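Please read the structure below before turning to the comments.
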Amino acid sequence: MAKKILMLVGDYVEDYEVMVPFQALLAVGHAVHAACPGKKAGEKVRTAIHDFEGDQTYSEKRGHDFALNATFDEVRALDYDALCIPGGRAPEYLRLDARVLEIVRHFAEASKPIAAICHGAQILAAAGVVKGRLVSAYPACAPEVRLAGGEYAEIAIDAAAVDRNLVTAPAWPAHPQWIAKFLQVLGTRITT
């Protein structure tokens, strides 16, 4: 059964972490609404490409423009079955938006599926929904997960962690596992 999924994005969301799950979830028949505070459907957010090139942290390059297909001010969390939070630089400022945090709390309190990757855990931590939960994220976010009462999952960069309705991963190399596990939590059945 198709699900209606809300994706919270903002300027300099990580390119792969927004585009790949957006397209993959659409490809299997789900409806995905990408929304950004302060923006309307048809407007765009800029993306950033975070790459792993052997430095002590990721490098950052300008990505693409990603078109929004939902107006944030019209989003009603009750209308959605699941939530997806990509990483990049957007979460560091999206977590300052009270309505973003309210929306995240709705999904957590209702035990609806939540997928977050990379820096998306910053929003989960700010919303206060990681206490007592196993949460993966980009390693630089581990202190935030722990300070918010979560158990940081130290897993490979291409792995994903599941804790009941919550599916998290360190970064885009985990897409095959992260998206597959999110689809399982959603109850999506793919037949060939």
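The values are calculated or read from the model by the stated rules, or taken from the named source; none is laboratory data. Keep in mind it's a predicted model, so treat the numbers as computed, not measured. Every residue, glycine as well, gets a Cβ built from its backbone with ideal geometry; the counts of neighbours run over all protein chains shown.
Things to note:
- Verdict on ALA148 being at pLDDT 95 or above and either under 25 Å from LYS3 (Cβ atoms) or surrounded by fewer than 19 Cβ atoms within 10 Å (Cβ to Cβ) (or both): no
- Against the numbered list (1) of a type in the set (Val, Ile, Thr); (2) modelled with pLDDT under 95; (3) touching a Leu at 6+ places or on another chain (Cβ under 6 Å), ILE190 comes up short only at (3).
- Boolean, ALA142 is surrounded by fewer than 23 Cβ atoms within 10 Å (Cβ to Cβ), more than 14 Å from the chain's Cα centre (by Cα), farther than 25 Å from VAL75 by Cα and among the hydrophobic types (A, V, I, L, M, F, W, C): yes
- Annotation note: of LEU101, LEU83, the sole residue that is surrounded by 13 or more Cβ atoms within 10 Å (Cβ to Cβ), touching a strand residue (DSSP E or B) at 6+ places or on another chain (Cβ under 7 Å), of a type outside the set (Lys, Arg) and not in a loop (DSSP other than H, G, I, E, B) is LEU83.
- Whichever residue in region 41-80 is out of contact with any Gly (no Cβ under 9 Å at 6 or more places or on another chain), assigned to a loop (DSSP other than H, G, I, E, B) and of a type in the set (S, T, N, Q) and, among such residues, is nearest to ALA160 (Cα to Cα): THR57
- Qualifying residue in region 95-116 (condition: touching a Ser or Thr at 6+ places or on another chain (Cβ under 8 Å), modelled with pLDDT of 95 or more and either among the charged types (D, E, K, R) or on the phi < 0 side of the Ramachandran plot (or both)): yes
- Counted residues, region 128-184 - those being out of contact with any helix residue (DSSP H, G or I) (no Cβ under 6 Å at 6 or more places or on another chain) and not in a loop (DSSP other than H, G, I, E, B): 22
- VAL75 being in contact (Cβ under 8 Å) with a residue 40 or more places away in the chain and closer than 20 Å to CYS118 by Cβ: no
- The sole residue among GLU74, GLU109 that is under 26 Å from LEU26 (Cβ atoms), out of contact with any His (no Cβ under 9 Å at 6 or more places or on another chain) and of a type outside the set (A, V, I, L, M) is GLU74.
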